[in-house]
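The values are calculated or read from the model by the stated rules, or taken from the named source; none is laboratory data. This one's a predicted model, so the numbers in the text were calculated from it and none came from an experiment. Reconstructed Cβ throughout: ideal geometry from the backbone, glycine too, with neighbour counts over all protein chains shown. What goes into the accessible areas is simple: the full protein's heavy atoms, side chains included, and nothing from ligands, DNA or RNA. Shrake-Rupley method; radii C 1.70, N 1.55, O 1.52, S 1.80 Å.
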Amino acid sequence: MPERLYRDEAVILRTYKLGEADRIVVILTRAHGQVRAVAKGVRRTTSRFGARLEPFSMVDLQLHRGRALDVVTQVETLHPFARSIAGDYAVFTCASTMVETAERLTADGGDLGTVDSPQQYLLLYGALFALARARHAPGLVLDSYLLRALALAGWAPSCYDCARCGAPGPHAAFHVQNGGAVCASCRTAGAVEVEPGAMALLGALLSGDWVVADASTVRDRAQASGVVSAYLTWHLERRLRSLTLVERT
């Protein structure tokens, strides 16, 4: 039988009220995937670790396995990203979209299944770190995270060669349903014209080429963001609530 107590690093994705004093916390752990657990008494002013269980925070937790929900018994803060993120609306909405995406992609028992949770955890941690430290423009960090999270889930878009026939790129159209860039011969209804700079930006965001991404124009960023949003919505089969709040410039 597995041990009832276990410890892991985690990013807090979401919290829900439970009863008068408790919360349910949804966390993405390094080694145990997505976990839903009860944090007892955290809404009381006397709680020892209520403030440590805020969304976006990276924590070290000890949990006790339960039948339906695990129970949080200890919490130590590793990186309080929430403090930096919550004070900036643009950063906050981008972070909210990231954790909502992570929750969707790593949900146990969901229609998407548990997808490479350790890698998804590390990717989310890196993206939140970049947001909290203002390493790059929030929208760029978000779009890079979304493309790379989808790639880990098996849905990496082609941003250069044709997604259908493999013809060498670059190409001038992107077809969400066909998986990315398409050549003139493979282009069908539903493909959208993408400027060369925006297509190059998509490739840079997917590969993590921040020299190219940071040098991109506002016009190319706006078009690339539209493509990323459409690609994400297609594969998740719904538009994320937090994504509608993201300010694009």
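A few points about this structure:
- Enumeration of residues in segment 132-150 that are open to solvent by less than 10 Å² (accessible area, probe 1.4 Å) and aliphatic (A, V, I, L, M): Leu140, Val141, Leu142, Leu146, Leu147, Ala149, Leu150
- Put simply, of Leu150, Leu140, Leu146, Leu105 the only residue that is hydrophobic (A, V, I, L, M, F, W, C) and either at pLDDT below 95 or touching a strand residue (DSSP E or B) at 6+ places or on another chain (Cβ under 6 Å) (or both) is Leu105.
- Condition check for Arg241: surrounded by 13 or more Cβ atoms within 10 Å (Cβ to Cβ) and charged (D, E, K, R): no
- Filtering segment 56-81 to residues that are among the small types (Gly, Ala, Ser) and either without any contact (Cβ under 8 Å) to a residue 40 or more places away in the chain or open to solvent by 70 Å² or more (accessible area, probe 1.4 Å) (or both) leaves Gly66, Ala68.
- Within segment 166-179, being open to solvent by less than 70 Å² (accessible area, probe 1.4 Å) and free of Cβ contacts under 8 Å to residues at least 40 places away in the same chain holds for Gly166, Ala167, Gly169, His171, Ala172, Ala173, His175, Asn178, Gly179.
- Filter result (under 18 Å from Leu152 (Cβ atoms) and surrounded by 22 or more Cβ atoms within 10 Å (Cβ to Cβ)) within segment 205-230: Leu205, Leu206, Val228
- Single unsatisfied condition, Glu195 versus (1) at pLDDT below 95; (2) in contact with an Asp or Glu (Cβ under 9 Å, 6 or more places away or on another chain): (1)
- Subset of segment 225-241 that is assigned to a helix (DSSP H, G or I), touching a helix residue (DSSP H, G or I) at 6+ places or on another chain (Cβ under 7 Å) and among the hydrophobic types (A, V, I, L, M, F, W, C) - its residue that is modelled with the lowest pLDDT: Leu236
- Being among the small types (Gly, Ala, Ser), open to solvent by 50 Å² or more (accessible area, probe 1.4 Å), free of Cβ contacts under 8 Å to residues at least 60 places away in the same chain and touching a helix residue (DSSP H, G or I) at 6+ places or on another chain (Cβ under 9 Å) is a property that Ala86 has.
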